[in-house]
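Have a look at the structure below before the remarks.
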Amino acid sequence: MPYPIVRSALFVPGSRPDRFAKALAAGADTVIVDFEDAVEEPLKAQARGHLASFLAENPDARVWVRVNAPSHAGHGEDLHFCAQHVGVITVLLPKVESAAQVAVAARTGKTVVPIIETAKGLLALERIASAQGVQCLSFGSLDLALDLCLNTDSPAGQRFIDQARMAVQLHSRGADLAPPLDGVFPAIRDLEGQRAAMRHAYDMGYGGALCIHPSQVPVIHGALQPAEQELAWARTVVEGSAAAGGAGAFQLDGQMVDAPVLLRAQRLLALSRSG
């Protein structure tokens, strides 16, 4: 099943209804109303009420919802809420550790985006990625580092995180999912750091990232844009293929171009148009 391209997914706290419309107008590919980390325990039920009112007043609005984790007491109520509202199109499922948890979320009738952010989730990657209803995977490096007691300021910690990031991409591709989303970059004012982090994830096959501030959206989109040199190469390859009459393989400037090379060129041009 084809899914829309998601490069940026912007969080907004469910307890801040004054920010819902602003988030939807920020230019992100999708907005995630958060019922989990961004909402204090006493305000969980209130967050659901806020979103219900907003969706009733804005029937054309479409959002994702990050529900509370499967182990949380409010998880079932969050899923029931998602199932009841047309405006909720995707369940962002945190701390997922089994395909069975995905199956429960999928009963809402919404697509599911599991966040891989625990050791158990990482070990169950193949089954989670293959579960019915999964749109794509997301990688939660901050929580994973906490779960594994990693020092992410060290080269060793970063190597481990990148190996986990690679595993999420590998199993995404193996299950024919849309490209995964990288986790949030917490330093809101460090836009250059955000750009570098997104480019790093892109080079590892990621299609976008979760983000926590509107200022991060254009940075993510810009980082995902191919360089002009790459686009010039891609145009040359596509034009060369047309000139060769769609031949399975041909030479271009002394280099062999076959189906995988042509597909990469076409993907680069498609990505540039999505910006």
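Residues of the range 72-94 that are assigned to a strand (DSSP E or B) and without any contact (Cβ under 8 Å) to a residue 60 or more places away in the chain: 88, 89, 91, 93. Taken over the range 20-30, the criterion of being surrounded by fewer than 20 Cβ atoms within 10 Å (Cβ to Cβ), hydrophobic (A, V, I, L, M, F, W, C), in contact (Cβ under 8 Å) with a residue 24 or more places away in the chain and part of a loop (DSSP other than H, G, I, E, B) is satisfied by 26 alone. Across the range 147-156, not a single residue is classified as within 19 Å of the chain's Cα centre (by Cα), free of Cβ contacts under 8 Å to residues at least 60 places away in the same chain and under 28 Å from residue 33 (Cβ atoms).
Put simply, of 162, 176 the only residue that is farther than 21 Å from residue 4 by Cα and either at pLDDT 95 or above or of a type outside the set (Phe, Trp, Tyr) (or both) is 162.
Per the listing 122, 170, 150, the residue uniquely touching a helix residue (DSSP H, G or I) at 6+ places or on another chain (Cβ under 9 Å), over 23 Å from residue 12 (Cα atoms) and part of a loop (DSSP other than H, G, I, E, B) is 150.
One residue stands out in the range 190-205 among those that are modelled with pLDDT of 95 or more and within 25 Å of residue 65 (Cα to Cα): the one that is surrounded by the most Cβ atoms within 10 Å (Cβ to Cβ), namely 201. It is to be established whether one or more residues within the range 56-66 are more than 23 Å from residue 6 (Cα to Cα), touching a helix residue (DSSP H, G or I) at 6+ places or on another chain (Cβ under 9 Å), without any contact (Cβ under 8 Å) to a residue 60 or more places away in the chain and not β-branched (Val, Ile, Thr). There is no residue in the range 56-66 that is more than 23 Å from residue 6 (Cα to Cα), touching a helix residue (DSSP H, G or I) at 6+ places or on another chain (Cβ under 9 Å), without any contact (Cβ under 8 Å) to a residue 60 or more places away in the chain and not β-branched (Val, Ile, Thr). Within 19 Å of residue 113 (Cα to Cα), hydrophobic (A, V, I, L, M, F, W, C) and within 15 Å of the chain's Cα centre (by Cα), is that true of residue 28? In short, yes. Of all the listed residues (33, 12), the sole one being crowded, with 23+ Cβ neighbours inside 10 Å, hydrophobic (A, V, I, L, M, F, W, C) and either more than 25 Å from residue 220 (Cβ to Cβ) or in contact with a Gly (Cβ under 6 Å, 6 or more places away or on another chain) (or both) is 33. Of all the criteria given as (1) touching a Leu at 6+ places or on another chain (Cβ under 6 Å); (2) modelled with pLDDT under 75, the one not satisfied by residue 230 is (2). Filtered by the rule that a residue be within 18 Å of residue 198 (Cα to Cα) and not acidic (Asp, Glu), the range 158-171 gives 158, 159, 160, 161, 163, 164, 165, 166, 167, 168, 169, 170.
Scanning the range 77-103 for residues that are small (Gly, Ala, Ser) and over 22 Å from residue 116 (Cβ atoms) yields a total of 2.
Taking the range 46-100 as the range and being crowded, with 23+ Cβ neighbours inside 10 Å and of a type in the set (S, T, N, Q) as the test, the residues that pass are 68, 90.
The values are calculated or read from the model by the stated rules, or taken from the named source; none is laboratory data. In this text the structure is predicted, and so the values were computed from the model without any measurement. Quick reminder, even Gly has a Cβ in these numbers, built from the backbone with ideal geometry, and neighbours come from all protein chains shown.
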